[in-house]
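Contents: one structure, followed by commentary.
The values are calculated or read from the model by the stated rules, or taken from the named source; none is laboratory data. Quick caveat: nothing in here was measured; it's all calculated off a predicted structure. Neighbour counts are summed over all protein chains in view; Cβ atoms, including those assigned to glycine, are modelled from backbone coordinates with ideal geometry.
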Amino acid sequence: MRASVFAIAALLSCLLAGCDNKPAGSGAAPPPPPVTVSQPLQKSITEWDEYTGRFEALATVDVRSRVSGFIDSIHFRDGQVVKQGDLLFVIDPRPYRLAVDQAKADLERARSKLEIATSDVERATPLVRSQTLTEREFDTRKSTQRDAAGGVGSAEAALKQAELNLEWSEVRAPIAGRTSSRRIDAGNLITGGSTGATLLTTIVSHDPIHFVFDGSEADFLRYQRLAAAGARQSSRDAPNPVSVRLADETEYKHQGRMDFVDNVVNAKTGTIRGRAILDNKEGFLTPGFFGRLRLYGGQRDALLIPDSAISSDQASKIVFTVSADGTVGTKKVELGPIVDGLRMVRSGLLPADRIVIDGIQRARPGQKVTAENGKIEAAAK
C-alpha cells in the first residue's frame with residue numbers, strides 16, 4: 001500500500017515537472033507579419049479618360065411624299081442600304097402627266113395672246129404719231145400687252161409646278177444610308193404635302209457615325225485649364241483622338257476624333273455633352289449601340305500602382321502605407337484610368353510613400369509589420 005502511494009506521488013511529480021518544461025521564449029509576442037511594399041511607379045504617360053455613351057446616326061430622315069396619290073410600286077427591300085437619289089416609291093404618275101399637258105396648253109394659249117397684243121401695239125404706234133389713234137386707245141393696247149405677258153409668266157410657273165409634281169411622284173432617297181421597313185404597301189392612297197403627309201419609311205446614315213457621351217463638370221474644367229495652359233487643345237478647337245470599344249470587346253479598336261462639345265453644362269446632372277465621329281465604311285457600327293470611349297487627356301507625369309493594392313473604405317478608395325518604423329497607415333486616393341496594366345493615382349499619394357502591394361490582408365492600420373521591398377512594374381506591351 002505504501003509502495004502504491006509512493007508510485008502515485010512520483011508520477012504526479014513527473015507530470016508536474018513535465019508541465020514546467022516549457023520552451024524558452026514561448027511567452028514572447030509573435031513577430032510582425034510580413035508584407036511587400038514599394039514606392040509608386042513614376043512615369044510620363046498619355047492620359048486617356050473613359051466615358052460611356054451610345055452611337056448615333058449623323059442624319060435621320062423620315063421619308064414622306066410631297067404629292068398625294070396611290071402607291072404604284074416600291075423599289076427597295078426593307079433594311080436595304082441605299083444611295084442618295086435611289087428610287088424608293090412610285091406614286092401613280094398619270095394625273096400629274098395630264099397636269100403637265102394641261103399646263104403646256106395653257107402656256108401656248110398665253111403666248112398666243114401675247115403675240116396678238118404685241119402686234120396690236122406695234123400697229124398702233126405709227127397711228128398715234130399721226131393722231132389717227134387716241135392716246136387713250138394706245139394705252140389700252142399696251143395694258144393688254146402687259147397683261148398678256150403676265151399671263152405667259154403665270155403659265156410658265158404653272159408648267160414648272162406641274163413638272164415638279166410629276167417629278168415628285170417618284171419618291172427618291174434624300175440621303176445615303178440604311179432604310180427601315182416600309183410603312184405602306186403598294187396600292188394604298190397616301191397623303192402628301194408639307195403637313196399631315198404619310199410616313200413611308202425612315203433612312204439613317206451609317207458612314208460616318210457619331211458617338212455621343214456625357215462628361216463630368218470636373219473633367220470639363222480640367223480640360224479648360226489644360227487648354228488655357230497650352231498643355232492640351234480644347235476639343236472645340238481641335239479633333240482630339242478617341243477610341244471606342246463595344247460591349248462585347250476588351251480592346252478599344254474603333255478609332256475616331258472629337259467634333260463637338262456642347263455650349264452649356266447641364267444644371268441638373270452637372271455634365272456636358274460631347275460627341276465624336278468615327279468612320280463606319282463597313283456599316284458594322286449601328287445607331288443605338290452602347291460603347292465605352294477613351295478620350296485623349298494630355299501628357300502628364302503620373303503615379304501608378306497595381307489595382308490589387310487598392311482597398312475600399314465605404315465610398316472612398318484607400319491604400320495602406322508603411323512608415324520607417326513599420327507602422328501601417330492609410331491614405332485616401334483619387335484614381336484615374338488603367339495605364340500599362342496599372343492604375344493611375346490622380347491625388348492623395350506622394351512619390352516617396354511606401355505602399356503595401358502584397359500581403360494587404362495582413363496590414364492593419366496602427367499595427368506594425370515587417371516590410372519587405374518589392375517593385376511595381378508596368379505591363380509589357
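Structure notes:
- Test for A247: is it touching a residue at least 24 places away in the same chain (Cβ under 8 Å) and hydrophobic (A, V, I, L, M, F, W, C): yes
- Once segment 230-244 is narrowed to residues that are free of Cβ contacts under 8 Å to residues at least 40 places away in the same chain and surrounded by 13 or more Cβ atoms within 10 Å (Cβ to Cβ), the residue that is farthest from the chain's Cα centre (by Cα) is Q233.
- Check on R346, at pLDDT 90 or above and either under 30 Å from V212 (Cβ atoms) or assigned to a strand (DSSP E or B) (or both): no
- In segment 34-111, counting only strands (runs of 3 or more DSSP E) that sit wholly within it, none holds 3 or more residues that are within 30 Å of F220 (Cβ to Cβ), free of Cβ contacts under 8 Å to residues at least 40 places away in the same chain and not assigned by TED's automatic domain parsing to the domain that holds L200.
- Residue match in segment 82-103 (condition: under 30 Å from A276 (Cβ atoms), among the charged types (D, E, K, R) and either at pLDDT 90 or above or out of contact with any strand residue (DSSP E or B) (no Cβ under 8 Å at 6 or more places or on another chain) (or both)): yes
- Filtering segment 347-365 to residues that are surrounded by 16 or more Cβ atoms within 10 Å (Cβ to Cβ) and out of contact with any helix residue (DSSP H, G or I) (no Cβ under 6 Å at 6 or more places or on another chain) leaves G348, L349, D353, R354, V356, D358, G359, I360, R362, A363.
- Within the set G336, G329, G366, the sole residue that is part of a strand (DSSP E or B) and without any contact (Cβ under 8 Å) to a residue 60 or more places away in the chain turns out to be G329.
- One residue stands out among those in segment 101-145 that are of a type in the set (D, E) and closer than 23 Å to L159 by Cα: the one that is farthest from the chain's Cα centre (by Cα), which is E115.
- Per the listing A105, A148, A157, the residue uniquely surrounded by 15 or more Cβ atoms within 10 Å (Cβ to Cβ) and aliphatic (A, V, I, L, M) is A148.
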